[in-house]
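Take a look at the structure below.
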């Protein structure tokens, strides 16, 4: 434990220790030479060796310097604080939101500045710590009396792909406070979906919570629907702004550009852009919105297909409009040659009370969240699939509010599947081959084999043994062309807040 000083200004007096050294260097005068008339007179004179005399002078110099240093330390009044006294210090914990909704250009930079201001304005006697959070929270700078570590943690933070979970953040702040008095400063954009009904956080009663609002989301256009209706393709675009906007949508079918259409979308509403005379199998719709969130600008759909039976969608609460709006819309979108399956939502916590007979009515199980999915529910799903009763599929729902983003969210979902009890190999199959099988594309994608599409990625490690290695992406292949993952992220640095 480092000592503290009641009068630290006296420590500057230590500089006085240099005075004897300076005098010693300045007063080095040679011994005078004395001429004697007769050598006989020196026979009885005592002889003193110069080396002995020099050593005595150096020791005397060190003692003088030490005396001055000890005198300065004594006046500074040092002491060692007890653990109880350290625990009595107040603390300021800064919670910095790094969720995807913070990734719009310039948005996270403002959040970082608000966090720095909170650190610099913390009371002088407070310890300061920093927690970054999205769907998970991490204490990146433990509480300490210094400010440098907290400021460095804020500077190195970056917005990611996760959703907003205030419960995780507030609980992490409570653990960091450890029962002390203090302040919790939350720097966020106040996403309404970040707090679930029934969430209970643990914060000391003596702590004060303050919120620093980054501001509302920027104007954003998002493709929220893509469906076929006979020979027509209907693209639904949502306008999340306070003014009407002209949305320009480009449609591609089976890799062939069909053209573009425009429509005026009312404020805070959705509108349809219709393409007529369209035939084909796979479609992609892209809306032109360079200033908004980029990942929700595109949407894919299969225009033709066969009936796949009822689908069970497992989410955190079972409310599909809240937890899986876009997945729900994609599943119920039908065409002239496709029978729309029944889509049922259920919370993971509910499956523990279900019976095998109730599960038997579903041809597919889409697992979007493992929250609340206990052992009994996991075993029910596994046995249902093993008995040939259905197909377990996993995938994120890239919502327009920036809750998740494809790719990064897929990686996290594989990790959650393993946390829920599936083996790494089972989780990988659920996230790859099973989805391709459901879409009827297993002959082209889903596994690595000769003749299949070369859309894959290479990781450093072995995800079959450690599923967390799925995040260590080295090379991404698209249509057989390899791309360096690090260079891909570097190429968009500064263009999007997430990177």
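Some values worked out for this structure:
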| item | result |
| --- | --- |
| Positions within region 423-442 being in contact with a helix residue (DSSP H, G or I) (Cβ under 7 Å, 6 or more places away or on another chain) and at pLDDT below 80, in sequence order | 442 |
| Residue check for residue 179: surrounded by fewer than 14 Cβ atoms within 10 Å (Cβ to Cβ) and either at positive phi or at pLDDT below 90 (or both) | yes |
| Residue satisfying condition, being modelled with pLDDT under 85 and surrounded by fewer than 19 Cβ atoms within 10 Å (Cβ to Cβ), within set 259, 281, 277 | 281 |
| Residue within region 446-462 that is part of a loop (DSSP other than H, G, I, E, B) and within 27 Å of residue 104 (Cα to Cα) present | no |
| Selection within region 201-243 - part of a loop (DSSP other than H, G, I, E, B), at negative phi and either touching a helix residue (DSSP H, G or I) at 6+ places or on another chain (Cβ under 8 Å) or surrounded by 14 or more Cβ atoms within 10 Å (Cβ to Cβ) (or both) | 201, 202, 203, 204, 214, 217, 218, 219, 241 |
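The values are calculated or read from the model by the stated rules, or taken from the named source; none is laboratory data. All of these numbers come straight from a predicted model, not from anything done at the bench. In this analysis, Cβ positions are derived from the backbone assuming ideal geometry, glycine residues included, and neighbour counts consider all displayed protein chains.
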